[in-house]
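The structure appears below as structure tokens.
The values are calculated or read from the model by the stated rules, or taken from the named source; none is laboratory data. Values in this document were obtained by computation on a predicted structure and should not be read as measured data. For neighbour counting, all protein chains shown are included, and Cβ atoms are generated from backbone atoms with ideal geometry for every residue, glycine included.
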Amino acid sequence: MTTLSRRQALIAGATIPLAATFLPQAVRAQETMQGSGFAPWNRFKLGGFEVTTLLAGTRAGDKPQETFGTNASPEDFAALSAANFIPADMTQNFFTPTVVNTGAELVLFDTGLSAEGTLAALTAAGMTPDMVDVVVITHMHGDHIGGLMGADGTTPTYANARYVTGSVEHNAATEAGDEGFLKNVAPLNDRFTFLDDGGSPVSGITAMAAFGHSPGHMVYQIESNGQRLMVTADTANHYVWSLQRPDWEVRFDRDKAAAAATRKAVFGQIAADRIPFIGYHMPFPGVGYVEAMGDGFRYVPASYQLLLNG
């Protein structure tokens, strides 16, 4: 029998293949798939401001041409979709409120389909509803005003906030008196202030009339230390079908001719000024640029440009 010294044993052990030094392990059970997804918020600096987009919800839908490009031929709709690597028979919609921290006030643009979805994203982003100082409503469609009230339907979600919206939009919604407006907006009427084209909810933020999608739909320019950004709300509701073909009609646009003219004007300015924009229904995180392309615009998602702001 051969006896190894301690030193010889250590040397011999070092030469044994690594796999041989471990006992066999039980075969692991198949891992559970987690499902696709991403963080529900995105944040960047704009001059001295901080901008956060919130994913308040997302959902898939079929038969997209019943909503987008209703005046286009099925062949043209399918061709444009194929050219942009998206299906012509399915779409994914996103609902993206925006928070702007000016350093003095926290401003929330739109409130999502419900309080639950927006608050989940807000909380994940490190904020609470009581921190919101100003709620700006771009227009009165249900997916923008649905989160104004809590689950009980009577308690304001943003209890410490004042509320701002366009006067034309509010007057039209008051006259129409639809259920969503009566439930979510009307109880807060005494806390609303109203502005027109060129008005300012807070310093550094300017309203711009962008009528068509709704009677008084507004977009907002954000500016700080020479840097600019446009919050375009529902001016364009799809990054391909509405931007590359701004004349294609959208089912939810109240005045379709005016909405098309507004798309061309607003995104023409954004393209000319080469500034970023946030679109409420753009693919999350909803931030990008556009360049003029033929009679429309090519959407360029933001990559790292805004991260370089600090």
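Assorted remarks:
- Residue check for Met140: under 21 Å from Asn237 (Cα atoms), of a type outside the set (Gly, Ala, Ser) and touching a residue at least 60 places away in the same chain (Cβ under 8 Å): yes
- The C-beta contact set for region 103-130 (first residue outside any loop (DSSP other than H, G, I, E, B), second residue acidic (Asp, Glu), distance under 7 angstrom, 6+ apart or interchain) comprises Leu106/Asp133; Val107/Asp133.
Conditions (1) closer than 15 Å to Val107 by Cβ; (2) outside any strand (DSSP E or B); (3) not basic (Lys, Arg), marked per residue:
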| site | (1), (2), (3) |
| --- | --- |
| Asn160 | yes, yes, yes |
| Gly180 | no, yes, yes |
| Lys183 | no, yes, no |
| Gly199 | yes, yes, yes |
| Ser214 | no, yes, yes |
| Val219 | yes, no, yes |
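- Test: residue in region 284-291 that is surrounded by 23 or more Cβ atoms within 10 Å (Cβ to Cβ), touching a Gly at 6+ places or on another chain (Cβ under 7 Å) and in contact (Cβ under 8 Å) with a residue 12 or more places away in the chain: yes
- All positions within region 258-283 that are farther than 15 Å from Thr52 by Cα, surrounded by 12 or more Cβ atoms within 10 Å (Cβ to Cβ) and either small (Gly, Ala, Ser) or modelled with pLDDT under 95 (or both): Ala258, Ala259, Ala260, Ala261, Ala265, Gly268, Ala271
- Screening Asp197, Asp255 for residues that are farther than 22 Å from Asp143 by Cα, surrounded by fewer than 24 Cβ atoms within 10 Å (Cβ to Cβ) and free of Cβ contacts under 8 Å to residues at least 60 places away in the same chain leaves exactly one candidate, Asp197.
- Taken as a whole, region 211-233 holds at least one residue that is surrounded by 15 or more Cβ atoms within 10 Å (Cβ to Cβ), among the acidic types (Asp, Glu) and in contact (Cβ under 8 Å) with a residue 60 or more places away in the chain.
- One residue stands out among those in region 93-132 that are of a type in the set (Asp, Glu) and more than 15 Å from the chain's Cα centre (by Cα): the one that is surrounded by the fewest Cβ atoms within 10 Å (Cβ to Cβ), which is Asp130.
- Among residues of region 58-98 being of a type outside the set (A, V, I, L, M), without any contact (Cβ under 8 Å) to a residue 40 or more places away in the chain and part of a helix (DSSP H, G or I), the one that is nearest to Ser36 (Cα to Cα) is Gln65.
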